[in-house]
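**Student:** Please see the structure below; I have some questions.
What follows draws every value from the coordinates through simple rules; no lab data is involved. Remember, it's a predicted structure, so these values are computed and weren't measured experimentally. Quick reminder, even Gly has a Cβ in these numbers, built from the backbone with ideal geometry, and neighbours come from all protein chains shown.
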Amino acid sequence: MRLTVDDVTVHLDHRPVVHDVTLEVAPGALVGLVGPNGSGKSSLLRAVYRSLRPRRGVVNVGGDDVWRLGPREAARRTAAVLQERDTTAAGLSVAEVVTLGRTPHHGMMGRPGASDREAVADSLKRTGAEHLAERDITGLSGGERQRVLLARALAQHPHLLVLDEVTNHLDIRARFELLALIRGLGVTTLAVLHDLDLAVRFCEQLVVLDEGRVHAAGPVLDVLTPRVMADVFHVAARVERHTDGVVRINYAADPLTALPAPHPVPPPAPNTWPGSGSGSAERSAAR
Ligand SMILES: Nc1ncnc2c1ncn2[C@@H]1O[C@H](COP(=O)(O)OP(=O)(O)OP(=O)(O)O)[C@@H](O)[C@H]1O
């Protein structure tokens, strides 16, 4: 399903923190929502997953304004994975936590049936968390826990997934694994990502928020120009597609002042490190 956010303004504490934001996520696409601290990313996301009512504007999922749907119908469409440590699940097994994702389908009082058990098993499998099913949720590592929370969201069978900094606190391998998993899901996803290096690698499209407004939106290479890197993120960097096809950020030697060279500098050839012996070969060749 398609997500459209149309002219949304969000107030917190009687002041606007998100101003007139319009954006779109095509069905099945993964769009990264990036921006500096305090730019309004989480507040905008809250308006999308129906936790903070916008002062103005419309959030539309699959053709319906989510703020006009009942909470249960909205929960059937949208699942959120957030960065906060969710203590409501303390004492539950992983399988029980993932089963909570089925609540919008069978209701608070309803008992999970065969289709719910199937959905739980399937989402544990898709997230590689089957082996954790009987573990207590509180005893998991940060990476394991994020997988389980993603499994709970998938068990909801959402049409839209919203993710708020789900890679925080994960080690580098776990970050790559989680984002590769999310990208492979094929579910329409809007993800707040703090780590720009991961955002450019895994998202085809980005929305850059700055001071609550959309500063730029579109394909990564069009959006993260040196100008935007400087004006919004206040660092000197170029975002480039390297010869291996991967988009990477090339930061200046001193990212706080100078721009890097226009093209990535190739890494030194093997055996040219000081003391490796080939330096002397080079020197003799130069003689
Ligand atoms: N509960 C609140 N009450 C009042 N102001 C808030 C509240 N939560 C956030 N804000 C303010 O709203 C603005 C946007 O905050 P928000 O958390 O949406 O930004 P963010 O881009 O997600 O930030 P970060 O990258 O630091 O997580 C900030 O100025 C913040 O101080």
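**Student:** Which value results when the Cα radius of gyration for the stretch 110-263 is divided by 2.2 N^0.38 Å?
**Tutor:** Here the Cα radius of gyration is 1.24 times the empirical estimate.
**Student:** Could you give the semi-axes, largest first, of the ellipsoid that matches the chain, computed as the square roots of 5 times the alpha carbon gyration tensor eigenvalues and rounded to whole Å?
**Tutor:** 39, 26, 15
**Student:** Quick check: pseudo-label points 7 Å beyond the Cα along Cα→Cβ at LEU256 and ARG72, how many nm apart are they?
**Tutor:** Computed distance between label sites LEU256 and ARG72 equals 5.6 nm.
**Student:** To continue, here is another question. Relative contact order for the chain: what percent, with Cα pairs under 8 Å and sequence separation of 6 or more?
**Tutor:** 21
**Student:** In addition: Just order 32-40, 124-132 by mean Cβ neighbour count inside 10 Å, highest at the front, would you?
**Tutor:** Most protected by this proxy first, the peptides run 32-40, 124-132.
**Student:** Sort the following peptides by mean Cβ neighbour count (other Cβ atoms within 10 Å, averaged over residues), highest first: 149-162, 233-246, 200-213.
**Tutor:** Per-residue mean Cβ counts within 10 Å order the peptides as 149-162, 200-213, 233-246.
**Student:** Ok, one more. Between LEU221 and ALA180, what length in nm is gained on full extension when 0.36 nm per residue of separation is reduced by their alpha carbon distance?
**Tutor:** Taking 0.36 nm per residue and subtracting the Cα distance, the gain is 12.8 nm.
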